[in-house]
Amino acid sequence: MKISFALASLGLAALPLLASGPPARAEVKVEDRVLVPTSKAERRAVPFTDVHLTDNFWAPKEKIYRQNTIPNNWKYLQQEIEDNEIAAGWKHIERGSDTPWNQANLFKALETVAYALPQEPNPELQTKLDGIIKAVAGAQQPNGYINALITVRHMTPWTNLDGQHEGFVAGHMIEAAVAHYQATGQRSFLNVAMKMADHIYQHFIVEKNPGVCGHAELELALVRLYRVTGEKKYLQLAQNWIERRGHPLPGQNAASRSYFMDHLPIRAVPEVTGHAVRTVYYLTGVADVAAETGDVGLAQAARRLWNDATRRKMYVVGSVGSQEKDEGFGPDYDLPNSGYNESCAACGMLNWAQSMWVLDGESSSIDVLERGLYNAVLHGLSLDGTTSYYRNPLSDANSVRNNVWVCCPPNLSRTLMRVPGYLYAQTTRDIYVNLFASSTCSIKLANTRVQLAQETNYPWDGQIKITVKPDKPAPFALRLRIPGWCPNSTLELNGKPILKPAMEKGYAVLLRLWRAGDVVELKLPMPVQRIQANPKVLEDKGQVALQRGPIVYGFEALDNAGRVDVQLAREAGFTTQARPDLLGGVTTISGRAGDGRSLTAIPFYALANREPSKQAVWMAQQGQLEQPKAWPDEQMRTPVDSWEPASLSNRMNHHRGSIPRHGCSGPPDAAVAAAQQHNH
Ligand SMILES: [Zn+2]
């Protein structure tokens, strides 16, 4: 978010405190309400509390986040914690002006802690968390309103919806409270969140006050709250806030409202515009509400705008928001390598991807989630977990992380701590393996409980072994995501190849009577792929990027004799090397430049973790790049082994999902269906 926006709202700091108003007259107190988890959505993620990472990639990183990142977060949050203590009447300090969304950073940090607790018991951290929750609860006003920053600075609630960020802050509090409830089973924080949600319902629905918060977030958070409490009015409020957008108030200029996605009603919006973080959060809420209500118009809008964002406005690393002037989405294919790419927008894309998957079950949404997670998001936080990027351009002359404490650092920490919750998903009769990492999980289906054990060295190796252990022999479908980047996966069940598994929405479907000890082995070959951008991305013309498995690679001058402006040889002779000693353990790619020099690439996420050095992802390619004859307009970037026509035609037959099927004729969906049948 832009600092100038913050300052614009601070004129309110001197206004007198508005009386809190009468307490809401709920028939049953929040504390006494019976929680009945409710969701109409057929699919849902297996909760982070039921998944345990045992791998060599994520588990060590989660440990670093617990040991380094969480303590580092506290350093920047003392004022935010103290604001709650002042609002609770525990301290008496007069405050000066402040950026209005700062309480959201505290809540993102609390959410991070909620994900950490099930990973490793930590009584000291638990005690600290309980103390902060007490202060937050104390800061709640009699009418349910809570935002300590607003309260202690005597600002008037809900009077500057565009700039004051109260819906945004409330949303982050709700997300943190839901995560805390899921992690601990305690209602202390959840009750505070419910009272605030009740207050907002009262203010906007019952009292019919106009407008909607300029920064979306509350919508998606309310759906999370609805899912754990079963309170329909939270879903109704989320839906109401979505439908409120696109009806500018008197005096508002409709065209300028595109910054907030408030220029057109959601069902009529043709493309994503405006501030990328706001837009991505808003559309996550749209997908969530569509999944819960079955509203076809909303689902179509979510899918249309998702396709627009991911096929025409997303970078190869999964970043969005290329424009510096408004931290926003730009025109189609306007993807300069100096692009803005705020970390929060990348985090938001993971949420949106997961919500799109819950909505329609397409594995291509998880392809985007995986791309963003392993590349854009992981790049945002340093390997030691203590410094971060606000902007994430693909080319950079100065690798020092700017480490400004704003919205991004705690957003990165909570997003990366969510990894266990991204791995598996389910319906009452299906288990989905969405991401690959050594882990165990426990899943309750309608007819049995199933333990899964996944063993793999992903993302460096594509061999995945899954041992299935139902409590009793039971029929259900195990659905394995076949990543869009992998054209030639193979599958075995109890040592026997399955040559043509049923494919549905990008998943290999194994429907059978499962017995304890059944073993599935999935092999996803990981050759080095050269990725070519859609020719409409002018800056990448004649260039390629390297990808292996889900990892996009980049070059640093310090690995390449001080240069990144080199040309990759036509026959580059790629080799890979596991380097456990380098950058926390990575696999490097070596190859040759056109002039015969050797080149070394490291994962994009690991760039900028040593001394300052020039960086680049896209690299010039020797000779004329071979262009596919038909390049579907929707697709932004295509993996293409452009120097191996046979391989190219092989990919044409097999590609599916979000990674393009260039060269296919007919509408993209038809191409997906045809390709899926051949994918084995
Ligand atoms: Zn941010």
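Okay, here's what the table says:
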read-out: Residue match in segment 292-304 (condition: at positive phi, more than 16 Å from the ligand (Cβ to nearest atom), at pLDDT 95 or above and not in a helix (DSSP H, G or I)); value: yes
read-out: Search result, residues across segment 596-643 that are polar (S, T, N, Q), at pLDDT 55 or above and in contact with a Pro (Cβ under 8 Å, 6 or more places away or on another chain); value: Gln627
read-out: Matching residues, segment 340-361, being modelled with pLDDT of 95 or more and over 25 Å from Glu324 (Cβ atoms); value: Gln354, Ser355, Met356, Trp357, Val358, Leu359, Gly361
read-out: Tally of residues being surrounded by fewer than 23 Cβ atoms within 10 Å (Cβ to Cβ) and in contact with an Asp or Glu (Cβ under 6 Å, 6 or more places away or on another chain) across segment 129-151; value: 1
read-out: Meets criteria (within 16 Å of the ligand (Cβ to nearest atom), aliphatic (A, V, I, L, M) and either closer than 27 Å to Asn143 by Cα or under 19 Å from the mean Cα position of the chain (by Cα) (or both)) for Ala216; value: yes
read-out: Qualifying positions in segment 383-394 - hydroxyl-bearing (Ser, Thr, Tyr) and within 16 Å of the ligand (Cβ to nearest atom); value: Thr387, Ser388, Tyr389, Tyr390
read-out: Neighbours by Cβ (under 7 Å, 6+ apart or cross-chain): first from segment 405-423, over 17 Å from Glu175 (Cα atoms); second within 12 Å of the ligand (Cβ to nearest atom); value: Val406/Tyr390
read-out: Verdict on Gly372 being within 14 Å of the ligand (Cβ to nearest atom), assigned by TED's automatic domain parsing to the domain that holds Ser322 and surrounded by 22 or more Cβ atoms within 10 Å (Cβ to Cβ); value: no
read-out: Scope segment 263-289; condition over 23 Å from Ala346 (Cβ atoms) and either outside the structural domain of Met314 (by TED's automatic domain parsing) or among the charged types (D, E, K, R) (or both); matching residues; value: Arg267
read-out: Options His154, His203: the member that is more than 21 Å from the chain's Cα centre (by Cα) and either farther than 27 Å from Gln239 by Cβ or hydrophobic (A, V, I, L, M, F, W, C) (or both); value: His154
read-out: Subset of segment 329-361 (residues that are surrounded by fewer than 24 Cβ atoms within 10 Å (Cβ to Cβ) and within 16 Å of the ligand (Cβ to nearest atom)); value: Gly339, Tyr340, Asn351
read-out: Test: Lys61 is assigned to a helix (DSSP H, G or I) and under 23 Å from Trp352 (Cβ atoms); value: yes
read-out: Residues within segment 253-283 that are closer than 29 Å to Val377 by Cα and either surrounded by fewer than 24 Cβ atoms within 10 Å (Cβ to Cβ) or more than 16 Å from the ligand (Cβ to nearest atom) (or both), tallied; value: 14
read-out: Pick from segment 478-520, criterion of a type in the set (Gly, Ala, Ser) and surrounded by 18 or more Cβ atoms within 10 Å (Cβ to Cβ), ranking: nearest to the chain's Cα centre (by Cα); value: Gly484
read-out: Qualifying positions in segment 312-328 - more than 15 Å from the ligand (Cβ to nearest atom) and either without any contact (Cβ under 8 Å) to a residue 12 or more places away in the chain or within 21 Å of His172 (Cα to Cα) (or both); value: Lys325
read-out: Any hit, segment 418-428, residues being at pLDDT 95 or above, over 30 Å from Lys496 (Cβ atoms), within 16 Å of the ligand (Cβ to nearest atom) and in the same structural domain as Cys344 (by TED's automatic domain parsing); value: no
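Yes/no matrix, rows are residues, columns are (1) without any contact (Cβ under 8 Å) to a residue 24 or more places away in the chain; (2) among the charged types (D, E, K, R):
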site: Thr229; (1), (2): no, no
site: Ala238; (1), (2): no, no
site: Arg245; (1), (2): no, yes
site: Ser258; (1), (2): yes, no
site: Ala276; (1), (2): no, no
site: Gly294; (1), (2): no, no
site: Leu305; (1), (2): no, no
site: Thr310; (1), (2): no, no
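The values are calculated or read from the model by the stated rules, or taken from the named source; none is laboratory data. Predicted, not measured: the structure shown is a model, and the values here were computed from it. Counting neighbours? That spans all protein chains shown, and the Cβs are built from the backbone with ideal geometry, glycine included.
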